[in-house]
Amino acid sequence: MKIIIINGPNLNLLGKREPEVYGDETFENYFNFLKEKFPTIELEYYQSNIEGELINALQNVGFSYNGIILNAAAYTHTSIGIGDAVKAITTPVIEVHISNTFAREEFRHQSFISPNAKGVILGFGLKSYELALQSFLLQ
């Protein structure tokens, strides 16, 4: 099974950025934990702060991977293009958020990704990614 985690803007700052919201662990450390916990999954990771690069990444893997875990971060609420890319591909996408976006500012309550995602997991901190991985194993 081949799954990629695609993270959007500012998630490269995990461990430094707003630890009260996002925790104090870097994503790279957490990703290593996931690879160890799920050794049977071929797991990849991609992060970009640039909307078009996220769309390119989705299109590059969206017809050949078994799953995509997407945390588009702030682009979730603003990018029709990322939402359209998720709709255009055949690989199932799980939308993930570290924080509970519905407990935050109102503009974060809308997602352009959710209508085309297989599912949405939010509010469980970094464990949201682990839950998404587990959902692919249940297929």
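Per-structure values
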{"read-out": "Length-normalised contact order for the stretch 1-119 - Cα pairs under 8 Å, 6+ apart - percent", "value": "29"}
{"read-out": "Interchain or long-range residues, amide H under 5 Å from Val96's placed H", "value": "Leu70, Asn71, Ala72, Ile121"}
{"read-out": "Per DSSP, loop trypsin sites (Lys or Arg not before Pro) in the stretch 56-139 with at most 16 further Cβ within 10 Å", "value": "Arg104, Lys118"}
{"read-out": "Distant-in-sequence amide H partners of Gln47 (H built 1.01 Å from N, under 5 Å)", "value": "Asn7"}
{"read-out": "Within the stretch 1-75, chymotrypsin sites (Phe, Trp or Tyr not before Pro) in DSSP loop having at most 10 other beta-carbon neighbours inside 10 Å", "value": "Phe63"}
{"read-out": "Paramagnetic reach from Leu131 (point 7 Å along Cα→Cβ, amide N under 16 Å) across the stretch 57-90", "value": "69-72"}
{"read-out": "Cubic angstrom per residue, convex hull over Cα atoms of the chain", "value": "94"}
{"read-out": "Solvent exposure of the stretch 17-132 as accessible area per residue, Å², 1.4 Å probe", "value": "50"}
{"read-out": "Percent accessible area from carbon and sulfur atoms, the stretch 40-130, protein chains only, probe 1.4 Å", "value": "52"}
{"read-out": "Cleavage-rule hits (GluC sites (Glu not before Pro)) in the stretch 1-76: DSSP loop, at most 16 neighbouring Cβ within 10 angstrom", "value": "Glu25"}
{"read-out": "The chain: calculated mean residue ellipticity at 222 nm from DSSP helix runs of at least 4, using -39500 (n - 2.57)", "value": "-9500 deg cm²/dmol"}
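The values are calculated or read from the model by the stated rules, or taken from the named source; none is laboratory data. The model shown is predicted, which means the values in this text are computed figures rather than measured ones. No Cβ is skipped: glycine too gets one built from the backbone with ideal geometry, and neighbour counts run over all protein chains shown. What goes into the accessible areas is simple: the full protein's heavy atoms, side chains included, and nothing from ligands, DNA or RNA. Shrake-Rupley method; radii C 1.70, N 1.55, O 1.52, S 1.80 Å.
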